[in-house]
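J.: Structure below; questions to follow.
The values are calculated or read from the model by the stated rules, or taken from the named source; none is laboratory data. What you see is a predicted model; the values in this text were computed from it and never measured. In this analysis, Cβ positions are derived from the backbone assuming ideal geometry, glycine residues included, and neighbour counts consider all displayed protein chains. The accessibility values were calculated without ligands, DNA or RNA, using every heavy atom of the protein model including side chains. Shrake-Rupley method; radii C 1.70, N 1.55, O 1.52, S 1.80 Å.
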Amino acid sequence: MSRFPWSHWSASWPVLIIYAAVAGVHLAGMLRLLSRRPPAGRRAVIREAVVFQGGLLVAAAAIVSPLGYWSGVYIWVRAIQDLTLTLVAPGLIVLGAPWAALARGLGRPAPGGSQAAGPPPWWLRWPVATVVVFNVIWVAWHLPALFDLAPASRVAAAAEYLLYLGAGILFWLQLIGSRPWSPAPAPLRRAALLAGTVAVFTVLGMVLVFGASVIYPAYANAAHHVTTVLDDQQLSGAVLWMGMLLPVIPAAVAILMRWLGDEESAALSAGLDRLLAQPDPARRGSAWPSRPRFR
């Protein structure tokens, strides 16, 4: 990955080519989908397309923009890049629900229909395992050996980016779903998985914030003439600790609102079932007494 000091942009042609290819296929599929939809149903599809394209652009910008350049110089900038590629960009991609458009753009039938009513696809059947693997990947790439390797190796950097994006997309699919698929776990279970992930991110951030020794010696460069590498490392821990709350809090609120909605629906359904229940002829009273009874 070559860097241009005068612009602080990272030139990564494979990233730009992949971005252009995915964005082009998605737009082509969107045009095919919109041509078969009535005008009233196009607004939601267009809104999702904008969100997906935004997530795709955020992911590409995290690699080729000045954020990608300075992530090899300062640890705290690397923390912002990691959060962007792991939580922010994958979350937008999942919210954008691009699967039907991508399939149509590739000339394949769109997912959904009978599949939506049947069992969920295999990648939605293992929520606990998926979240555990997501957190293992996150922690593993913050171990000194792998963390220091990525800025010096194109292969290691590409592997890190792909694993972050792939694991992040699967992670958010388990928690918030993406049309036409709904999350398999119940809302409270999803909230527990999200809370466990927050705990992992918090512990890693605390280790970096309160650490008294340099964990990433590869970042000991000439740019740290104002702040030390240890200061940079501690600031990165604060970024990870607090920054992950920005995408996690809205997701947690949405999951809890879904849980409350399900609880209210279940209570209303139980009340209606009891109200509409036929009285048992063998019993004298009805299911709903008209007035209090006293002995």
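J.: Rounded to the nearest percent, how much of the accessible area of region 26-67 (1.4 Å probe, protein heavy atoms only) is carbon and sulfur?
T.: On the way: 1550 of 2290 Å².
In region 26-67, the share of accessible area belonging to carbon and sulfur is 68 percent.
J.: Please give the length that would be gained between residue 192 and residue 159 if that part of the chain were fully extended, namely 0.36 nm times their separation in residues minus their C-alpha to C-alpha distance (nm, one decimal).
T.: 9.0 nm
J.: Under a crude label model (7 Å from the Cα following the beta-carbon direction), how far is residue 253 from residue 182 in nanometres?
T.: 2.3 nm
J.: Another question, if that's okay. What ranking of 32, 258, 104 comes out by heavy-atom accessible area, probe 1.4 Å, highest first?
T.: Ranked list, largest accessible area first: 258, 32, 104.
J.: In percent, how large is the relative contact order of region 194-262, given Cα pairs closer than 8 Å and 6 or more residues apart?
T.: Working: 45 pairs, mean separation 29.7, N = 69.
Computed value for region 194-262: 43 percent relative contact order.
J.: Which values, in whole Å and largest first, are the semi-axes of the equivalent ellipsoid of region 144-217 obtained as the square root of 5 times each eigenvalue of the Cα gyration tensor?
T.: Taking √(5λ) for each Cα gyration eigenvalue gives 30, 20, 5 Å.
J.: I would also like to ask the following. Just subtract the alpha-carbon distance of residue 213 and residue 35 from 0.36 nm times their residue separation and send over the number in nm, one decimal. Walk me through the intermediate numbers first.
T.: Values: separation 178, 0.36 × 178 = 64.08 nm, distance 5.97 nm.
Gain on extension, residue 213 to residue 35, equals 58.1 nm.
J.: Leaving out ligands, DNA and RNA, and with a 1.4 Å probe, what % of the accessible surface on region 157-225 is carbon or sulfur? Intermediate values should be presented prior to the final figure.
T.: On the way: 2200 of 2980 Å².
Carbon and sulfur: 74 percent of the exposed surface of region 157-225.
J.: Something else: Rolling a 1.4 angstrom probe over the protein heavy atoms, how many square angstrom per residue are accessible across region 124-185?
T.: Ligands and nucleic acids excluded, the figure is 44 Å² per residue.
J.: For region 96-245, what is the Kirkwood hydrodynamic radius in Å, using each pair of distinct C-alpha atoms?
T.: Computed over Cα pairs of region 96-245, the Kirkwood hydrodynamic radius comes out at 17.8 Å.
J.: Right, another one. Taking the Cα centre of region 101-210 as the origin and placing charges on Cβ (Lys, Arg +1; Asp, Glu -1), which of 173, 128, 161 is farthest toward the positive end of the dipole?
T.: 173
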